[in-house]
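The values are calculated or read from the model by the stated rules, or taken from the named source; none is laboratory data. As the structure is a prediction and not an experimental result, all values here were calculated from the model. So basically every Cβ, Gly included, is an ideal-geometry build from the backbone, and we count neighbours across all protein chains shown.
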Amino acid sequence: MRRRQRGLTTVELLAALGVMLVLVSIAIPLKRWDEKRRREDYLRMTLSSVRDAIDQYKKMVDEGRIQQKDVDQRGYPRDLDELVEGVDVVDPATGEQHKMRFLQKVPEDPFTGEAEWGLRSYQDDWDSTSWGGENVWDIYSLSEGKALDGTYYKDW
């Protein structure tokens, strides 16, 4: 009696390979979409945190806790580095000054891979792509890419 050999036939191997190929071809686009969605979430969070830091700076100027010498600043920081390096803030209770930092560092844009941002000053048009240099009123991404929802990152 001959023992039956164990293993897969060529047809079974080709069928298994075909199923694997279909699964991989579905998984790769889903992985790319998920990675893009994660970077978009990080961009939204970064824009929000920097804009919050700018708003906090403006609020402290309006309260008289930060003194500005240049009228063109209009209560906004000169540049993003000023938010990182910190400014002297007056404590309203004691009148003493201490240095306050609004950002740990200038964050990196997840789509350009650099800590470079488009800047708008208070005196610029709301959709301007060139910075007047007087102050930083808003930031935007320099990426020309399109988001999953069809908008451009630079318009966020």
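Just checking, how many residues over the range 21-62 are farther than 30 Å from Met100 by Cβ and touching a Ser or Thr at 6+ places or on another chain (Cβ under 8 Å)?
The qualifying residues number 0.
Among (1) aliphatic (A, V, I, L, M); (2) assigned to a helix (DSSP H, G or I); (3) exposed (fewer than 11 other Cβ atoms within 10 Å of the Cβ), where does Leu8 come up short?
Every condition holds for Leu8 apart from (2).
So, in the range 76-124, exactly how many residues are touching a residue at least 60 places away in the same chain (Cβ under 8 Å) and under 15 Å from Lys58 (Cβ atoms)?
1
Given the structure, is Pro29 modelled with pLDDT under 85 and on the phi < 0 side of the Ramachandran plot?
yes
Give me the residue from the range 124-139 that is of a type in the set (Asp, Glu) and assigned to a loop (DSSP other than H, G, I, E, B) and, out of that set, modelled with the lowest pLDDT.
Applying the filter and picking the extreme gives Asp127.
Which pairs do you get when a residue that is over 11 Å from Pro77 (Cβ atoms), found in the range 50-63, comes within reach of a residue that is among the hydroxyl-bearing types (Ser, Thr, Tyr) and surrounded by 13 or more Cβ atoms within 10 Å (Cβ to Cβ), reach meaning Cβ atoms under 6 angstrom, with the pair 6+ apart or on two chains?
Here the result reads none, with nothing in the range 50-63 linked to a residue that is among the hydroxyl-bearing types (Ser, Thr, Tyr) and surrounded by 13 or more Cβ atoms within 10 Å (Cβ to Cβ).
Do you know which of the residues in the range 125-156 that are touching a residue at least 60 places away in the same chain (Cβ under 8 Å) and aromatic (Phe, Trp, Tyr) is nearest to Arg74 (Cα to Cα)?
Once the filter is applied, the top-ranked residue is Trp137.
Scan (1) within 14 Å of Lys105 (Cα to Cα); (2) at pLDDT 95 or above; (3) out of contact with any Phe, Trp or Tyr (no Cβ under 9 Å at 6 or more places or on another chain) for the single condition Asp79 breaks and write down its number.
Here Asp79 clears every test but (2).
Determine whether Tyr42 is aromatic (Phe, Trp, Tyr), in a helix (DSSP H, G or I) and surrounded by fewer than 19 Cβ atoms within 10 Å (Cβ to Cβ).
Against the criterion (aromatic (Phe, Trp, Tyr), in a helix (DSSP H, G or I) and surrounded by fewer than 19 Cβ atoms within 10 Å (Cβ to Cβ)), Tyr42 qualifies.
Any residue at all in the range 64-71 that is outside any loop (DSSP other than H, G, I, E, B), surrounded by 10 or more Cβ atoms within 10 Å (Cβ to Cβ) and either modelled with pLDDT of 90 or more or not small (Gly, Ala, Ser) (or both)?
no
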